[in-house]
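What follows is a short report on a single structure.
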Amino acid sequence: MGIDYERAAECVGIGEHVYLDDGSLELYVLEKEGEKLRCRVEVGGELKSRKGVIFPDSDVEFPLINEKDNADAKFGAEVGVDMLAMSFVRSATEILEMRIRLDKWGKEDSFIVAKIEDRKAVESVDDILHVADGILIARGDLGVTLPREKVPALQKFITKKANQRGVPVITATQVLESMTFHHKPTRAEVNDVHNAVIDRTDAVMLSGETASGSYPNLAVLEMDRICREAEACRIELGIPRTVTTQSKEGIRAQIAASAVSVAENMDARCIVAFSRSGGTLRALSSARANAPVYGVLVEDAVLSQLLLNSGLRLSTMPEKKKLESLLRPTLARLKKESAIERGDRVVVVANQAESGFESTHLLKIYVVG
């Protein structure tokens, strides 16, 4: 069988393993014959085209960004994608290089999600979190390149680090795998999704279940029900928040933590936040308020990127010079939608430009009249 990595015979040694199709097939390298690897099939099965190849025992070298990735990213920048996910990220350097290229192609507001898929990514996760806008825990590939029994703890470890950094995290791979062929998931899969939400993942991602499965709509509905139940349980159980000790949002993170604390202590009906760049809302998402958080932005592009952050209910409004010009119609709309009513306390968070100051961060409490 042919693969598109030309240096395989050079980098892979005799006695090492080769995994195909997310580890479904396992090969053992017996000898090298020029540019070929002669292998023994240890775990066989059907192999289709365009499946992945993993060398878990080998120190394989790849270009930072290959030609196909470069072409795909350029196309994405041209059509205005909201997010770009980078596979097999191993260091912060790859993300920084991609950001430079996207900037050159006119995508200055690039949002890059780094997929954590092998040992090198796990070892570099702190550096990756420092420069990525989001991360994806690809449990399938992690379970191939690392011992399977270590993946659950790694998932919790990486999720906690991402929460501390204020970076949204996606939990992926085989989430509801049985629903590729069956109309309902196993109890173990339900438990898996529930626990990921309890551990404060921002998103759970379906793959084959919706890409090629027989019940894509049912899989999404099932995921939705599990996530909602887990969110409710997390509040009822009083599970403590992860403190965002190294949040990228700086002072916004402190304001968000204060707003969440005030909302709980005053039994506020909700938190309303106004944001231009999305930083205030990202910070509020990381703070994990029990009260609903209504976010108002002025740009649709920012709203699209913020959909990855959990716990936010978002909308856009035309930009106004004064906060009151946004606040009154927002509260009126929430009142019309029965989200708030007379006598409710509402915590409001915003930035407002003031003469002589670089920035002013506001936290106010309003009682609905």
Filter pass, VAL262 being in a strand (DSSP E or B), in contact (Cβ under 8 Å) with a residue 60 or more places away in the chain and out of contact with any Gly (no Cβ under 7 Å at 6 or more places or on another chain): no
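Any residue at all in the range 259-281 that is within 17 Å of the chain's Cα centre (by Cα), under 23 Å from VAL125 (Cβ atoms) and of a type outside the set (Gly, Ala, Ser)?
Our first condition is that a residue be within 17 Å of the chain's Cα centre (by Cα); within the range 259-281, this holds for 278-279, 281.
Now narrow it down to the ones that are under 23 Å from VAL125 (Cβ atoms): 279.
Next, only the ones that are of a type outside the set (Gly, Ala, Ser) stay: none.
No, the range 259-281 contains no residue that is within 17 Å of the chain's Cα centre (by Cα), under 23 Å from VAL125 (Cβ atoms) and of a type outside the set (Gly, Ala, Ser).
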Residues within the range 45-73 that are assigned to a loop (DSSP other than H, G, I, E, B), at pLDDT 90 or above and among the hydrophobic types (A, V, I, L, M, F, W, C), tallied: 1
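How many of the residues in the range 74-87 are assigned to a helix (DSSP H, G or I) and either farther than 19 Å from SER304 by Cβ or not assigned by TED's automatic domain parsing to the domain that holds LEU102 (or both)?
Within the range 74-87, residues that are assigned to a helix (DSSP H, G or I) and either farther than 19 Å from SER304 by Cβ or not assigned by TED's automatic domain parsing to the domain that holds LEU102 (or both) number 1.
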Subset of the range 98-149 [over 28 Å from LEU176 (Cα atoms), in a helix (DSSP H, G or I) and touching a Gly at 6+ places or on another chain (Cβ under 9 Å)]: LEU102
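Checking the condition out of contact with any helix residue (DSSP H, G or I) (no Cβ under 7 Å at 6 or more places or on another chain), closer than 19 Å to ILE135 by Cα and not small (Gly, Ala, Ser), which residue from LEU308, LEU326 passes? First the steps, then the outcome.
Working: LEU326 fails: closer than 19 Å to ILE135 by Cα.
None of the others qualify; the one that does is LEU308.
Could you look through the range 334-344, keep only residues that are assigned to a helix (DSSP H, G or I) and touching a residue at least 12 places away in the same chain (Cβ under 8 Å), and pick out the one that is nearest to the chain's Cα centre (by Cα)? It would help to see each step written out before you state the result.
In the first step, residues of the range 334-344 are kept if they are assigned to a helix (DSSP H, G or I); the result is 334-336.
Now restrict to residues that are touching a residue at least 12 places away in the same chain (Cβ under 8 Å): 334-335.
Numbers: LEU334: 28, LYS335: 32 Å.
So the residue we want is LEU334.
For (1) at pLDDT 95 or above; (2) assigned by TED's automatic domain parsing to the domain that holds CYS227; (3) buried (at least 16 other Cβ atoms within 10 Å of the Cβ), each residue gets a yes or a no:
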| residue | (1), (2), (3) |
| --- | --- |
| SER110 | no, yes, yes |
| VAL113 | yes, yes, yes |
| ILE137 | yes, yes, yes |
| VAL144 | no, yes, yes |
| LYS160 | no, yes, no |
| ASN163 | no, yes, yes |
| HIS182 | yes, yes, no |
| ARG200 | no, yes, yes |
| SER212 | no, yes, no |
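Looking at the structure I just gave you, is LEU64 under 25 Å from the mean Cα position of the chain (by Cα), under 17 Å from ARG7 (Cβ atoms) and of a type outside the set (Asp, Glu)? Even if it seems obvious, please write down each step before you answer.
Details: under 25 Å from the mean Cα position of the chain (by Cα): yes; under 17 Å from ARG7 (Cβ atoms): yes; of a type outside the set (Asp, Glu): yes.
Yes: the conditions hold for LEU64.
Check whether at least one residue in the range 267-285 is closer than 21 Å to GLN155 by Cα and either touching a helix residue (DSSP H, G or I) at 6+ places or on another chain (Cβ under 9 Å) or not small (Gly, Ala, Ser) (or both), and report yes or no. Steps first, please.
Pass one, the range 267-285, residues closer than 21 Å to GLN155 by Cα: 285.
Applying the additional criterion that residues be either touching a helix residue (DSSP H, G or I) at 6+ places or on another chain (Cβ under 9 Å) or not small (Gly, Ala, Ser) (or both) yields 285.
Yes - at least one qualifying residue is present in the range 267-285.
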Selection within the range 163-210 - part of a helix (DSSP H, G or I) and touching a residue at least 40 places away in the same chain (Cβ under 8 Å): ASN163, GLN164, ARG165, MET179, ALA196, ILE198
Residues satisfying the stated conditions in the range 246-286, i.e. surrounded by 18 or more Cβ atoms within 10 Å (Cβ to Cβ) and of a type in the set (Ser, Thr, Tyr): SER247, SER275, THR280, SER285, SER286
Selection status of GLU42, touching a Phe, Trp or Tyr at 6+ places or on another chain (Cβ under 9 Å), surrounded by fewer than 16 Cβ atoms within 10 Å (Cβ to Cβ), part of a helix (DSSP H, G or I) and of a type in the set (Asp, Glu): no
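Pull up the range 214-245, narrow it to residues that are outside any helix (DSSP H, G or I) and of a type in the set (S, T, N, Q), then point me to the one that is surrounded by the most Cβ atoms within 10 Å (Cβ to Cβ).
Quick first cut of the range 214-245, residues outside any helix (DSSP H, G or I) only: 214-215, 238-245.
This time we only want the ones that are of a type in the set (S, T, N, Q), so: 214, 242, 244-245.
On the way: SER214: 12, THR242: 19, THR244: 21, THR245: 10.
Applying the filter and picking the extreme gives THR244.
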All positions within the range 1-24 that are β-branched (Val, Ile, Thr), surrounded by 14 or more Cβ atoms within 10 Å (Cβ to Cβ) and under 32 Å from the mean Cα position of the chain (by Cα): VAL18
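The values are calculated or read from the model by the stated rules, or taken from the named source; none is laboratory data. It should be emphasised that the depicted structure is a prediction, and the values quoted were computed from it without experimental measurement. Every residue, glycine as well, gets a Cβ built from its backbone with ideal geometry; the counts of neighbours run over all protein chains shown.
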